[in-house]
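The structure appears below as structure tokens.
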Amino acid sequence: MNYVLHLLIMICIYSILSLSLNLLVGYTGLLSLCHAAFYGIGAYVSALLMTKLGLNFFLALPVSVIISMLLSLLVAYPSLRFKGDYFILTALSFQIIIFSVLHNCAGFTGGPYGIPGIPKPHLFGFEFNSLPLFLLLSVILASLVFFVIYRISSSPFGRVLKAIREDELATLALGKKVAGFKIQAFMISGGIAAIAGGLYAGYITYIDPTSFTLDESIFILAIILVGGSGNIKGPIVGTVFMIILPEILKFLGIPDTIAPNVRQMIYGALLVLMMFIRQQGIAGEYKFE
Amino acid sequence: MNISLSKQNNKKEKQLDTTSKDSRKSCILELKDVTKRFDGLIAVENASLVFSKGKITGLIGPNGAGKTTLFNLITGFLKPDTGTICFNNYTIDGLPPWRIAQLGIGKLFQDVRIFHKLTVLENVLLARKEQPGEKPFISLFRRRRAIDVEKMNIDEARNWIKFVELGEREDSLAEDLSYGQQKLLVIARLLAGGFEVLLLDEPTAGVNPRMIKSVLDVIKRMAQAGKTLVVIEHNMSVIAEISDWVYFMDDGKVITFGKPQEILEDPEVRKAYLGV
């Protein structure tokens with residue numbers, strides 16, 4: 001039972017990540033490879049505020065969101081200059097820089113040892129210390145994120161983002177300040193990813209840089225590519241699929257020593273397969289070309 | 001110099017919006033001695049053109065004459081090396097493309113540039129200027145306002161879709177339309193944007209003959225509605241049929257201009273264009 005609850009909590013966390021990344025990838029057409037960096041920023045800022053300053057989770061989380069939004073400008077501004085492949089490299093370098101900072105600023109972030117002893121979230125003396133209660137908190141936060149993303153993406157704002165994805169020059173020629181829209185998309189996406197980070201820190205109570213690597217960014221992107229981008233269903237379908245799939249593999253009796261490798265192989269094969277048979281993902285509407 | 005002028009302009013934008021309604025001056029868009037070079041190649045050289053309100057001006061010339069470059073200079077996608085571009089008596093060269101579009105100059109791209117994965121209605125809606133819902137904060141927290149304006153915009157967009165006779169295709173994806181219909185869609189998009197000046201780059205190219213008539217009808221009706229149109233066109237019968245005034249360009253220079261009949265019979269034009 002605990003195992004199922006754990007999976008559901010992870011599905012909530014990754015739904016938040018994939019929904020927010022979809023705003024950039026599926027709506028704006030920016031193949032961003034640094035989402036785990038914002039996830040990490042959220043986790044570390046919340047964890048540091050809680051452990052070093054003794055701040056409550058529910059105060060630390062909004063602060064981490066704001067900081068992540070501000071740091072997202074570091075990728076947003078270069079993205080206005082660099083298009084296509086060059087943008088992918090820009091995002092990639094941001095991912096690597098953030099990882100290096102987390103890994104090497106040992107005095108501040110604990111370096112490779114990470115931050116242990118992060119308190120569980122509590123509100124008015126009520127502590128989310130059991131799995132069902134934490135699941136409740138995760139579901140509430142994930143639903144809130146779903147609601148926010150739904151409203152934003154179905155609004156005229158979301159429509160402009162899609163137009164930018166389809167044709168940036170034509171969008172400019174209609175009088176839309178494309179740069180401004182891209183920057184807002186980055187800030188919203190980065191800010192929401194930080195919520196997932198804070199939630200993860202409060203759940204696991206211990207974080208280290210290995211949770212926020214390039215592999216993690218690729219995994220979040222793979223969720224969107226498999227599930228589908230450009231609408232709100234795709235990321236959810238992708239998250240459920242990609243979280244449950246490796247768990248099913250566990251029951252196949254593959255020895256533990258090779259299980260992680262087999263998992264990577266299956267992810268890779270799955271991505272190649274999707275590119276052949278269904279480029280827009282299981283439930284998506286936008287194809288990468 | 002130009003840039004400082006346009007910066008002053010920025011401050012005067014509000015003024016400009018109000019004065020433009022009162023000013024009934026016939027000249028709405030004017031280019032003075034505009035030159036643009038690309039690495040030694042002169043694309044446009046000392047071009048001076050004037051476009052009048054409510055008129056259709058044809059822009060003709062062989063390939064590479066600098067016609068499309070001229071459009072890109074007007075819309076801000078390129079910046080002129082020298083010369084000035086005035087719109088409603090304000091200098092607009094040096095302003096970014098989105099700003100020039102907001103001021104009221106719209107362009108039909110040669111390669112239509114529709115938003116493929118969006119519906120016909122969404123394509124047209126995007127052109128509407130006043131959209132509070134384009135601010136994420138408003139669409140999250142002040143939805144009432146966003147929804148009210150969106151309803152008005154949808155009505156307006158539907159009218160323009162009907163105007164170009166695409167009413168039945170409103171919910172189709174733009175990519176599912178025929179090429180001719182896509183041109184009509186882009187025209188509806190320009191109309192919904194409320195642009196005062198419309199620059200049409202080969203509106204009938206690649207459109208089947210039956211559809212050309214619809215496109216030309218729409219163009220004429222736009223001029224009657226008081227819009228200023230500039231049309232780049234290779235089809236001489238189209239130019240003869242719709243334009244009030246014609247500029248002939250070759251090698252980046254304006255060679256001659258005048259009424260369409262005069263220009264089309266000009267021996268120099270015939271030589272450069274038709275090789276006769």
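Which helices count as membrane-span-like in chain A under these terms: full DSSP H, at least 30 Å along the axis by C-alpha, Kyte-Doolittle mean of 0.5 or more?
Numbers: long enough: A:57-81 (37 Å, 1.88); A:131-153 (32 Å, 2.31); A:178-204 (39 Å, 1.32).
In chain A, the long hydrophobic H runs are A:57-81, A:131-153, A:178-204.
Taking chain B as the reference, fit the longest principal axis to its C-alpha atoms, fit the long axis of helix B:179-192 to the helix C-alpha atoms, and give the angle between the two in degrees, 0 to 90, nearest 10.
70
Find the relative contact order for chain A and round it to a whole percent, using C-alpha pairs within less than 8 Å whose residues are 6+ positions apart.
34
Amide H to amide H under 5 Å from residue B:250: which residues, 5+ apart in sequence or cross-chain, H placed 1.01 Å off N in plane?
Here the answer is B:255, since their amide H atoms fall under 5 Å of that of residue B:250.
As I understand it, the value is the acute angle between the Cα axis of helix B:209-224 and the longest principal axis of the Cα atoms of chain B; what does it come to in degrees, rounded to 10?
It is inclined by approximately 80 degrees.
What 222 nm value per residue comes from the helices of the protein assembly as shown, counting each DSSP H run with n ≥ 4 as -39,500 (n - 2.57) and dividing by all residues, nearest 500 deg cm²/dmol?
Working: 23 runs with 326 residues, N = 565.
The per-residue figure over the protein assembly as shown is -18500 deg cm²/dmol.
Once you sort the root eigenvalues of the Cα gyration tensor of the stretch A:32-114 as a ≥ b ≥ c, which label holds: rounded (a/c under 1.5), prolate (a/b larger than b/c) or oblate (the other case)?
Here the stretch A:32-114 falls in the oblate category.
For helix B:143-163, report the angle its Cα long axis makes with the longest principal axis of the Cα atoms of chain B; keep it between 0 and 90° and round to the nearest 10°.
40
Among rounded, prolate and oblate, which fits chain B when a ≥ b ≥ c are the square roots of the eigenvalues of its C-alpha gyration tensor, a/c under 1.5 means rounded, and a/b larger than b/c means prolate?
oblate
Please check: in the Gaussian network model of chain A (C-alpha springs, under 10 Å), which one of A:199, A:137, A:252 has the largest mean-square fluctuation.
Looking only at A:199, A:137, A:252, the biggest GNM fluctuation is shown by A:252.
Given Cα pairs under 8 Å that are at least 6 residues apart, what percent is the relative contact order of chain B?
That works out to 25 percent.
Gaussian network model of chain A, Cα springs within a sub-10 Å range: biggest mean-square fluctuation belongs to which of A:194, A:179, A:47?
Of the options given, A:179 has the highest mean-square fluctuation.
Read-outs throughout are calculated quantities, based only on the coordinates presented, and are distinct from any laboratory measurement. Remember, predicted model here, so these are calculated numbers, not experimental data.
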